[in-house]
Amino acid sequence: MEQIKICVIGLGYVGLPLARLFSTKFETIGFDMNQIRVDALMVGHDATLEVSDDLLQSALKKGFKCTTKLEDIRGCNFYVVAVPTPVDVNNKPDLKPLWGASEVVGKVISTGDIVVYESTVYPGVTEEECIPVVERVSGLKFNVDFFAGYSPERINPGDKLHTVEKIKKVTSGSTPEIADIVDNVYNAVLVNGTHKAPSIKVAEASKIIENSQRDVNIAFMNELAKIFNAMDIDTSDVIEAASSKWNFIKLKPGLVGGHCISVDPYYLIQKAQVYGVLPRIMSSARRLNDGMGAYVAGQTIKCMNKKGILVKDSKILILGITFKEDCPDVRNTKVVDVYHTLQEYTDNIVVYDSYASPEVVQHEYEISIMTNSLESLKGKFDAVILAVAHNTFEGVDIRDFLTDRENGVVYDVKGILPRNIVDSRL
């Protein structure tokens, strides 16, 4: 391929940063089905905050474009699919976004073109699920008329240190020659280069175990937190002591939400069972981590009972609802589980989050976010749960939100508050 013209399909947390980066070296166009999203990007603002307005506006001035129109992307020859890969209500992989994106590719792909998938999937999805859709829609034959690659995304929402250009990317291709082309395209924009996997399936598998490993490790820390809390031992003190050993992996317990760690393991769990393997450790880790929201709520209620606070109809403030600090991403946030568990006892629950979109939270979870200032919430609650460590909460005296500073309850999910103001923490 003499001249690469790139189209990135899906302009969310993964697709937009990648498309913007590609545009620094290649003619690049972004495609998304959401007209509102595209309109916002074309005036230079990214609501996910992954790409700064300055960077985006600079890219637009240099020719980067976003569109919802198929005709605008028909002239591209290197298609990158970066759409979500969620699970359904039964935690089964939902491939509908990938199938839809593959249909889009099939409608515009031409002879000699390459399609690269970035979405996290179990081994085999690219070649067994996506490529047949492209073949059916386009009428072209795989590895004869068009080719494929897989380069798993490694975007960490809200992380301003490990940005897309600094991430070392795994690449792969459907033939050795295509693998080289894909690798060269990514290497052209990455600071720390690539790792070229020997096959698409290896690349797919590498991504899914990255997040599964972290899920299992955090589940272990969450289990330890439950044990030590029952023993009245501070888990953070235990971790600090253990960390003095050179090969101890220092992780903290917490709520495991988001679109990666709390979702991706289900893709491998499902596929493993097809091959007759029951992934017991991964399955147990998922169950344990999925139950931590209810555990946090239960521990808060326990603290309230110990202080003689009537839980029924009590007033509770939850600080933060995004799945992680300093980003607006509320996908699969486990703070919602804390909320719903407490809702069994009281309807007087207020959620405050300066990062999350009230409209998105209302639409996704039917939960209203308080939009008043933090100052207006002081002196009104029986209990406060610091659920997310946003920078907006730094330096705030959490006990100021309590009706009774001495007798009210403060629960610290993130373990960042001074110990003398906290009643309990994870």
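Could you go through segment 146-167 and let me know if any residue there is assigned to a helix (DSSP H, G or I) and in contact (Cβ under 8 Å) with a residue 60 or more places away in the chain.
Step one: filter segment 146-167 for residues assigned to a helix (DSSP H, G or I), giving 164-166.
Now drop any that are not in contact (Cβ under 8 Å) with a residue 60 or more places away in the chain, which leaves 164-165.
Yes, because at least one residue in segment 146-167 is assigned to a helix (DSSP H, G or I) and in contact (Cβ under 8 Å) with a residue 60 or more places away in the chain.
Looking only at segment 168-192, residues that are surrounded by 13 or more Cβ atoms within 10 Å (Cβ to Cβ), in contact (Cβ under 8 Å) with a residue 24 or more places away in the chain and more than 19 Å from LEU21 (Cα to Cα) come to 5 in all.
Contact map, segment 8-25: residues that are assigned by TED's automatic domain parsing to the domain that holds ILE155 and among the aromatic types (Phe, Trp, Tyr) paired with residues that are at pLDDT below 95 and surrounded by 24 or more Cβ atoms within 10 Å (Cβ to Cβ), Cβ distance under 6 Å, separation 6+ or inter-chain. Pairs shown: TYR13/GLU50.
Do we have any residue at all in segment 382-393 that's crowded, with 22+ Cβ neighbours inside 10 Å, outside any helix (DSSP H, G or I), acidic (Asp, Glu) and touching an Asp or Glu at 6+ places or on another chain (Cβ under 9 Å)? There is at least one residue in segment 382-393 that is crowded, with 22+ Cβ neighbours inside 10 Å, outside any helix (DSSP H, G or I), acidic (Asp, Glu) and touching an Asp or Glu at 6+ places or on another chain (Cβ under 9 Å). Entry remark, segment 280-290: residues being surrounded by fewer than 21 Cβ atoms within 10 Å (Cβ to Cβ) and touching a residue at least 24 places away in the same chain (Cβ under 8 Å) number 5 in total. When segment 46-85 is filtered for residues that are surrounded by 15 or more Cβ atoms within 10 Å (Cβ to Cβ), of a type outside the set (Ser, Thr, Tyr), within 26 Å of the chain's Cα centre (by Cα) and in a loop (DSSP other than H, G, I, E, B), the ones remaining, listed by number, are ASP46, LEU49, GLU50, VAL51, PHE64, ALA82, VAL83, PRO84. For segment 389-407, give me each residue that is in contact with a helix residue (DSSP H, G or I) (Cβ under 7 Å, 6 or more places away or on another chain) and touching a residue at least 40 places away in the same chain (Cβ under 8 Å). The answer is ILE398, PHE401.
Screening VAL338, VAL311, VAL351 for residues that are modelled with pLDDT of 95 or more and either assigned to a loop (DSSP other than H, G, I, E, B) or on the phi > 0 side of the Ramachandran plot (or both) leaves exactly one candidate, VAL311. Against the conditions (1) surrounded by fewer than 18 Cβ atoms within 10 Å (Cβ to Cβ); (2) closer than 29 Å to ILE416 by Cα, ALA272 satisfies every one except (2).
The values are calculated or read from the model by the stated rules, or taken from the named source; none is laboratory data. Bear in mind the structure is a predicted one, so any value in this text is a computation, not a measurement. All Cβ positions, glycine included, derive from the backbone under ideal geometry; neighbour counts span all protein chains shown.
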